[in-house]
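Each remark here refers to the structure printed beneath this line.
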Amino acid sequence: MITLALSKGRIFEDTLPLLKAAGIEVLDDPEKSRKLILATNLPDVRVLVVRATDVPTYVQYGGADMGITGKDTLLEHGSQGLYQPLDLQIAKCRISVAARADFDYANAVRQGARLKIATKYVAISREFFANKGVHVDLIKLYGSMEIAPLVGMADAIVDLVSTGNTLRANHLVEVEQIMEISSRLIVNQAALKLKREPIRKIIDAFACALAVPA
Ligand code: PRP
């Protein structure tokens, strides 16, 4: 049995064509079904529907053999025990710093300064500002980070930006880009040894599908 961990939403939808290229079709729609373990057309392949932040955990501990997760989630989790054979180039976005338009970010990030940042990306933020020599007080949030600068709880946020609509709707501006993000295929290193052939087949089919121009 090969078990693949996926999260609902964009990653799931963008993954379906890749699975199809590997001859795998998921039999239930996770948006409609309450089932968390989904069967596929192949009796020896199944899909786990887990929280996006839990995908690396399932794969690391062998609850799933493989998974698809954003680079952001992977950097926060750490990649211990995980083999990362492919950048799938899906669910593309970026991680950026955003602040209120009236906040003087350029002045606030000078070396030796101190900045209050609200984010769920504490590891990424810590490293980014440490490299600049800027001290940061990190406030961990789990969502709706845009509110924090608006109510004076933080000077800025570090969050995913895709279209920029969420920032605009909340009167925030993107003041600095930290990195480009896309989704990666991750594989449990022990599973890769034990189930080498079926896992390799899926990796190769994904790689092949990516090489075909859209
Ligand atoms: C992300 C992110 C922003 C939004 C950015 O949230 O946290 O709020 O998308 O996208 P945009 O630039 O296209 O507006 P997501 O919808 O993934 O949910 P989350 O709050 O659970 O992270």
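Observations on the structure shown:
- Any hit, segment 101-119, residues being open to solvent by 20 Å² or more (accessible area, probe 1.4 Å), closer than 29 Å to TYR61 by Cβ, within 14 Å of the ligand (Cβ to nearest atom) and outside any helix (DSSP H, G or I): no
- Number of the condition not met by LYS20 [criteria: (1) surrounded by fewer than 19 Cβ atoms within 10 Å (Cβ to Cβ); (2) among the charged types (D, E, K, R); (3) within 24 Å of LEU167 (Cβ to Cβ)]: (3)
- Residues of segment 52-92 that are among the charged types (D, E, K, R) and part of a helix (DSSP H, G or I): ASP54, LYS71, ASP72, GLU76.
- Some residue of segment 125-146 being away from the ligand (no atom under 16 Å from the Cβ), within 30 Å of ALA209 (Cβ to Cβ) and touching a strand residue (DSSP E or B) at 6+ places or on another chain (Cβ under 8 Å): no
- Here is the figure for segment 3-29: residues that are within 16 Å of the ligand (Cβ to nearest atom) and part of a loop (DSSP other than H, G, I, E, B) total 3.
- Filtered residue count, segment 44-82, keeping only those that are crowded, with 18+ Cβ neighbours inside 10 Å and among the aromatic types (Phe, Trp, Tyr): 1
- Within segment 163-191, being surrounded by 17 or more Cβ atoms within 10 Å (Cβ to Cβ) and away from the ligand (no atom under 16 Å from the Cβ) holds for ARG184, LEU185, ILE186, VAL187, ASN188, ALA191.
- Within the span defined as segment 179-189, one or more residues are touching a residue at least 12 places away in the same chain (Cβ under 8 Å), on the phi < 0 side of the Ramachandran plot and among the acidic types (Asp, Glu).
- The set of residues from segment 104-160 being β-branched (Val, Ile, Thr) and without any contact (Cβ under 8 Å) to a residue 24 or more places away in the chain comprises VAL136, ILE139, ILE147, VAL151.
- Residue match in segment 120-129 (condition: modelled with pLDDT of 95 or more and in contact with a Lys or Arg (Cβ under 9 Å, 6 or more places away or on another chain)): yes
- Identity of the residue in segment 85-100, within 16 Å of the ligand (Cβ to nearest atom) and not charged (D, E, K, R), that ends up farthest from HIS135 (Cα to Cα): ILE90
- All positions within segment 97-114 that are under 24 Å from SER162 (Cα atoms), among the aliphatic types (A, V, I, L, M) and touching a strand residue (DSSP E or B) at 6+ places or on another chain (Cβ under 6 Å): VAL97, ALA98, ALA99, ALA101
The values are calculated or read from the model by the stated rules, or taken from the named source; none is laboratory data. Nothing here was measured: the structure is a model prediction, and the numbers come from that model. Ideal geometry is used to build each Cβ from the backbone, glycine not excepted, and the neighbour counts take in all protein chains shown. Each accessible area value is taken on the protein alone, full model and side chains, heavy atoms only, with ligands, DNA and RNA left out. Shrake-Rupley method; radii C 1.70, N 1.55, O 1.52, S 1.80 Å.
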